[in-house]
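Student: Encoded as structure tokens, here's the structure I'll be asking about.
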Amino acid sequence: MKSAGFSAIVIGISPRVAFAAPNSLKNLRTGVQPGDKTRLVIETASRPSYSLSYGEKQLIVNLSNTNGHGDVKPALANGTLINRITQVQDGTKLQIVAALTGAIDAIEKNQIMVLEPNGDNDYRLVIDFARGTGRGIDANAPAPTTTAKNETKNTAPQAGAKQHIIVIDAGHGGKDPGCIGKGGTQEKTIVLSVAKKLKSKLDANGYKTFLTRSNDTYLKLGERAEIAEKKHADLFISLHANANPSRDMKGFSIYTLSEKASDEEAQKLAESENAADKIDVDGFEQFSKDIRVALSALQQHAVAELSEEYATGCAKTMNRASIEQQPGPAVRHAPFAVLRSTVPGALIELGHLSNKKEEKLLKSDEHQNKLVAAIVKSVKAYDFDV
Ligand SMILES: [Zn+2]
């Protein structure tokens, strides 16, 4: 079905899969969000299973195993980038086809949310997007019922695809050495070395990367988070090494931001990492407040989910590379100041400098390269686009 079928509402009767009750469309609406963004809301009776494809002139949301309804009339708000919405039933798949008034930018994953039912609403698939240059978007608008190039699940950067931006943060620096191993190894030196190696490998894989520091300088935690904001990063990776009063404790660990620590140990770690710039707490709180104002509760939720997804994947690639993990949960949570931003990300404690064997490992090029290879894999496995 090419563009001819576009303006028509086509509700087909199709054979139903006996074992999966089909979802059904309940409501369609658009709205304007701060920052001149268009919001598309698709309400369905049960949790939607979806994929997106989009070109210069249209955005198509594919809902699998879903029935459309002719009496669902889209409520279109003024001032959005959508001027018409049609339903196209393609077998068991329902396509919501939104005609756009112009080119949009690539829709980032953190702009797409699935919300649980609340008092007045069923499940809602919420998609926010802004007018753009069409950068990273296939110039040939995908027609419904065909597999478009921008269809989800791109795992590697492709020619013409948006280049994803990653900010790599080497913890500590300058007057703040971080933790110090028994052999005198300083955390700030190890993490800078790993950060530089990671940058060059990610660059070679087609990512655009920035280091928060590329030499032995001191940066406040807020400044690090701010770099991620200013560079419009898609992912933020903060590298650290750990110390534990028990010299036997070893292994890496991965953290995401949470206002509540997952355990006492995570809380202590966050306190010691945050302590790095107690001096600047006032300035940081203001920055943190600004971030909160900029992010709706929904978006905060989306950033947290994406961070969790990245961190879980990273723990897996580290495990697969046979890098020893500290006993405990795969991903921990703690209120790290450096992770407080609109950019999804994780803090990786690469290992324990307080453990004699691991201190030696962390200093070796070979082990650093192994860590870097595992982190590169975790970035490649992370699904930036939807
Ligand atoms: Zn640290």
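Student: Could you check GLU56 against (1) under 16 Å from LEU100 (Cα atoms); (2) in a strand (DSSP E or B) and say which number it fails?
Tutor: (2)
Student: Among the residues of region 223-248, write down those that are closer than 19 Å to THR185 by Cβ and away from the ligand (no atom under 15 Å from the Cβ).
Tutor: Within region 223-248, PRO245, SER246, ARG247, ASP248 qualify.
Student: Taking the criterion of being within 26 Å of LYS109 (Cα to Cα) and within 16 Å of the ligand (Cβ to nearest atom), would at least one residue in region 317-331 satisfy it?
Tutor: Taking every residue of region 317-331 in turn, none turns out to be within 26 Å of LYS109 (Cα to Cα) and within 16 Å of the ligand (Cβ to nearest atom).
Student: Moving on to the next point. Give region 109-133 a look and list any residue that's modelled with pLDDT under 80 and buried (at least 18 other Cβ atoms within 10 Å of the Cβ), or say none.
Tutor: Result: LYS109, ASN110.
Student: Further question: For region 243-274, enumerate the residues that are on the phi < 0 side of the Ramachandran plot, out of contact with any Lys or Arg (no Cβ under 9 Å at 6 or more places or on another chain) and modelled with pLDDT of 80 or more.
Tutor: ALA243, PRO245, SER246, ASP248, MET249, PHE252
Student: Let me ask something else about it. Of all the residues that make up region 322-347, how many are modelled with pLDDT of 95 or more and buried (at least 18 other Cβ atoms within 10 Å of the Cβ)?
Tutor: 1
Student: Based on what the data block shows, is LYS196 in contact (Cβ under 8 Å) with a residue 40 or more places away in the chain and either assigned by TED's automatic domain parsing to the domain that holds SER364 or of a type outside the set (Gly, Ala, Ser) (or both)?
Tutor: So LYS196 fails the test.
Student: Does SER272 satisfy being within 16 Å of the ligand (Cβ to nearest atom) and surrounded by fewer than 20 Cβ atoms within 10 Å (Cβ to Cβ)?
Tutor: Yes.
Student: With the requirement that a residue be of a type in the set (A, V, I, L, M, F, W, C) and in a loop (DSSP other than H, G, I, E, B), what does region 362-386 give you?
Tutor: Listed by number, the residues that qualify are PHE384, VAL386.
Student: Another question, then. Can you pull out the residues in region 158-184 that are crowded, with 19+ Cβ neighbours inside 10 Å and either within 12 Å of the ligand (Cβ to nearest atom) or under 16 Å from ALA241 (Cβ atoms) (or both)?
Tutor: ILE168, ASP169, ALA170, GLY171, HIS172, GLY173, GLY178, CYS179, GLY181
Student: Let me ask something else. Go over the candidates LYS289, LYS278 one by one and state the one that is part of a helix (DSSP H, G or I), loosely packed, with under 15 Cβ neighbours inside 10 Å, at pLDDT below 65 and within 16 Å of the ligand (Cβ to nearest atom).
Tutor: LYS278
Student: Still on this structure, I have one more. Take residues that are free of Cβ contacts under 8 Å to residues at least 60 places away in the same chain and farther than 17 Å from SER24 by Cβ and tell me which of the strands (runs of 3 or more DSSP E) falling wholly in region 81-136 contain 1 or more.
Tutor: In region 81-136, the matching strands (runs of 3 or more DSSP E) lie at 82-90, 93-100.
Student: Further, regarding this structure: Could you list, in sequence order, all residues of region 361-384 that are farther than 30 Å from GLU305 by Cβ and in contact with a helix residue (DSSP H, G or I) (Cβ under 6 Å, 6 or more places away or on another chain)?
Tutor: LEU361, LEU362, HIS367, GLN368
Student: Any idea which residue in region 83-131 is farthest from GLU308 (Cα to Cα), counting only those that are of a type in the set (Asp, Glu) and out of contact with any helix residue (DSSP H, G or I) (no Cβ under 8 Å at 6 or more places or on another chain)?
Tutor: For region 83-131, the residue satisfying everything is ASP90.
The values are calculated or read from the model by the stated rules, or taken from the named source; none is laboratory data. None of these values were measured; they are calculated from a predicted model. Reconstructed Cβ throughout: ideal geometry from the backbone, glycine too, with neighbour counts over all protein chains shown.
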